Amino acid sequence: MILAEAVAELSHKALSADEPEELLRESLQIAIDATGADYGTAVRRMPDGAIRVAHEVGPQPLPTGTTLPLAEERSYVSRVLETGRPFVSADLRHDPRVAPPQPLLSRGIVSSLAVPVRGAENVMGALGLHSRHHRRFTRDDVAVACALASVVATAWEQAAQRERLRHQALHDPLTGLPNRTLFLDRLNQILTRRPGSDAGDPDGVAVMLIDLDHFKEVNDHFGHAAGDHLLRAVGQRLATVVRPHDTLARLGGDEFALICEPVKDEASAVRLARRMQDVCRPPVDFGSNHISVSASYGMTWSPQGCSPGCSAEGLLGEADAALYRAKSAGSGQIRVFDDRMERSTRRRRQVEADLQVALDRDQFRMHYQPVRRSDDLAVVGVEALVRWQHPTKGLLLPGEFIPIVEQSGLLGDFGEWVLRMSCREVARWQDSTLEPLWLAVNLSPRQLNDPLLPETVADAQREAGLQEGTLVLELTESALMMSEGAHLDALTLLRKTGARLFLDDFGTGYSSLTHLTHLPIQAVKIDRSFVAGLPVNRRNAAVVSSLITLSEELGLTLIAEGVETSEQLRTLRTMGCQAVQGFLLDRPAANPDLERSRLERLSASGAGVAPSAGR
Ligand code: C2E
Ligand code: CA
Ligand code: CA
């Protein structure tokens, strides 16, 4: 009765025991007391097949963790583990069924009882009771041992379950690598453990961020299964070059991170990044596809760990700043953090925060620059160009903030604001202008990745009551050149909203005339760098004139940007370019002059036209 109560109480404890070892000790002690044995032993089968002592109670106990020498096939422990049945021997020295167990005999043990510790799936170990007197353990003894073995089984399974959950919470399921939480935790541990900067340890800590280049395109072109496969492959390859005690983690998406410690200097860290680049270089096979990706590396190296200002988040922020630099420099680059970056990171963060405020407080303004027909200078469209009415810095041009918007999480909201606002403003003018005019809105390449874009574009037109066929989206070559797979779908969906597509800045990107033949566009804008050379620069003139011929053949409208002189205007007209846009005729303005008469007079006089004021 008392025994039954003790077992019940132990079973209860087993469900919540944080320290299975303590529970083992209690269980073994109860078994010893109930059976009058001298020793109680719990042994456990490890994942590698070794049998270890989990706990032992008795005089001269074997320490926990001792590996039992079970090389002999006929050991009584292996017998229990394999058969899953209890084993009783009155005299181990002369038992023909088993080899004499030295660890027991050497301590004067002669009689034993062993029962399996049975888990849900397999036998996890064995519980043994041993006596230094020659005796035969009874059926009741076996029953006691079995009851306690089941308590031990519960405790072990619970511990394994807790360990599984802990592992899940701290690891990335796709790659099995540590996740962000564990990464930061390890980094914090390293930083608190390391001596301060005045201690003599010359080595440092390197923190590295590794971000795949153009991973999104892999997903788009080959599908998510391919993307996942690639991430796993990259994780495995990176793991081959880091040391076992370094922490390689996947922080999320296509971003991996590494803590290396100790690392002698910055140069060693860079060498490691090069090795990582090398192992990642060979294409990864996925079905019949060979997928190559490069990665960008941003790292920081900190000597002697922890100065008061150096925290895990701080180091990660530095590595992130370096990664940002690496990404800005193109793909496959390695950058190490330095103080200059810190200043520019701080600036960038500040601008990002300011941009959020600008969105919230309506500090953006739309200006419009007319596009005119070359021959009679009638306004055929306007291009919407955003400005930032900054509370202290005045009116800022897009060059000063668009690149930051594009790299931040604000692009979606910002792009939507631009679309809605310009549709609304232009719809209002449409009531008062006689001729139809188009509204061209610039899109950043990354906006094409937004699955909600077509919906937003449709909605902005509808909400503003914009006349059908008015909206045009301007995209640069690099955005359009990716028009395969998902991108092409995005373009098709955009066309379905009724919007037309113009190719912007022609001549600055990959610039191939042949590309024009298969893009879903209605007009091409020649970049102002080509217009600037007219009419003197013969190469520019040749490109412009062949572009004009080709556009005519393809039924595309050709628009020349950045027309600044009447000579340029004359040349473009003579060559047959249909539309022009530039400071000669108009500056972008909140309320552009959509009349034709003034300019007609000016151009008829053939005089250079002084650019109007404004930005
Ligand atoms: P873009 O699309 O090539 O726009 C034309 C730029 O050329 C405008 O600069 C315009 O003011 C300028 N420009 C027009 N005529 C002349 C001229 O005769 N001479 C010279 N030197 N420049 C001329 P802005 O407004 O500073 O915009 C710069 C770029 O910022 C734009 O280049 C466009 O790529 C981007 N951008 C502007 N607004 C938006 C927007 O709302 N969304 C996005 N995603 N990008 C925008
Ligand atoms: Ca444009
Ligand atoms: Ca342009």
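The values are calculated or read from the model by the stated rules, or taken from the named source; none is laboratory data. These numbers were taken from a predicted model, which means no experiment stands behind them. Counting neighbours? That spans all protein chains shown, and the Cβs are built from the backbone with ideal geometry, glycine included. The protein model used for the area step is the full one, side chains on, heavy atoms only, and it has no ligands, DNA or RNA in it. Shrake-Rupley method; radii C 1.70, N 1.55, O 1.52, S 1.80 Å.
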### Task
Would you check if D375 is within 30 Å of S566 (Cα to Cα) and either open to solvent by 10 Å² or more (accessible area, probe 1.4 Å) or away from ligand 2 (no atom under 16 Å from the Cβ) (or both)?
yes
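Yes/no matrix, rows are residues, columns are (1) of a type outside the set (S, T, Y); (2) touching a helix residue (DSSP H, G or I) at 6+ places or on another chain (Cβ under 6 Å):
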| position | (1), (2) |
| --- | --- |
| M46 | yes, no |
| V57 | yes, yes |
| Q60 | yes, no |
| R74 | yes, no |
| F87 | yes, yes |
| H94 | yes, no |
| A120 | yes, no |
| M124 | yes, yes |
| S131 | no, no |
### Message
Can you tell me which of (1) at pLDDT 90 or above; (2) not hydrophobic (A, V, I, L, M, F, W, C); (3) not in a helix (DSSP H, G or I) is the one Q168 doesn't meet?
### Response
(3)
### Query
Quick check, is R232 out of contact with any strand residue (DSSP E or B) (no Cβ under 8 Å at 6 or more places or on another chain), within 20 Å of L323 (Cβ to Cβ), open to solvent by 50 Å² or more (accessible area, probe 1.4 Å) and part of a helix (DSSP H, G or I)?
no
### Query
List pairs: first in segment 27-41 and touching a residue at least 12 places away in the same chain (Cβ under 8 Å), second charged (D, E, K, R), Cβ under 6 Å, 6+ apart or cross-chain?
T35/D141; D38/R132; T41/E56
### Task
State whether the residues of segment 299-313 include one that is at pLDDT 90 or above and not hydroxyl-bearing (S, T, Y).
yes
### Query
Of all residues in segment 554-575 being within 16 Å of ligand 3 (Cβ to nearest atom) and small (G, A, S), which is surrounded by the most Cβ atoms within 10 Å (Cβ to Cβ)?
A560
### Query
Within segment 345-360, can you find the residues that are modelled with pLDDT under 90, open to solvent by less than 40 Å² (accessible area, probe 1.4 Å) and within 15 Å of L396 (Cα to Cα)?
V351
### Message
When you check T514 against the structure, is it open to solvent by 60 Å² or more (accessible area, probe 1.4 Å) and either over 24 Å from W438 (Cα atoms) or within 16 Å of ligand 2 (Cβ to nearest atom) (or both), yes or no?
### Response
yes
### Message
touching a strand residue (DSSP E or B) at 6+ places or on another chain (Cβ under 7 Å) and either away from ligand 2 (no atom under 16 Å from the Cβ) or open to solvent by 70 Å² or more (accessible area, probe 1.4 Å) (or both): is that true of L501 in this structure?
### Response
no
### Message
Can you list residue pairs whose Cβ atoms sit under 6 Å apart, with the first residue in segment 393-413 being near ligand 1 (Cβ under 9 Å from one of its atoms) and the second being open to solvent by 20 Å² or more (accessible area, probe 1.4 Å) and not in a helix (DSSP H, G or I)? Count only pairs 6 or more apart in sequence or on different chains.
### Response
none
### Query
Is it the case that V544 is away from ligand 2 (no atom under 16 Å from the Cβ), buried (at least 20 other Cβ atoms within 10 Å of the Cβ) and within 23 Å of V472 (Cβ to Cβ)?
yes
### Message
Considering only segment 137-144, I want to know if a residue exists there that is surrounded by fewer than 19 Cβ atoms within 10 Å (Cβ to Cβ), of a type outside the set (D, E), closer than 26 Å to A120 by Cα and under 19 Å from the mean Cα position of the chain (by Cα).
### Response
no
### Subset of segment 517-528 that is open to solvent by 40 Å² or more (accessible area, probe 1.4 Å) and modelled with pLDDT of 90 or more - its residue that is farthest from ligand 3 (Cβ to nearest atom)
Q522
### Message
Quick check on T181: is it open to solvent by 20 Å² or more (accessible area, probe 1.4 Å) and in contact (Cβ under 8 Å) with a residue 24 or more places away in the chain?
### Response
no
### Task
Starting from segment 513-526, keep only residues that are under 21 Å from G562 (Cα atoms), then list their pairs with residues that are charged (D, E, K, R) and more than 14 Å from ligand 3 (Cβ to nearest atom) whose Cβ atoms are within a distance under 7 Å, requiring at least 6 positions of separation or different chains.
Q522/R500
### Task
Within segment 363-372, track down each residue that is farther than 15 Å from F401 by Cα and either open to solvent by 20 Å² or more (accessible area, probe 1.4 Å) or away from ligand 3 (no atom under 16 Å from the Cβ) (or both).
H367
## Note on the structure
Within segment 36-50, of all residues that are in a loop (DSSP other than H, G, I, E, B) and over 11 Å from S112 (Cα atoms), the one most open to solvent (accessible area, probe 1.4 Å) is P47
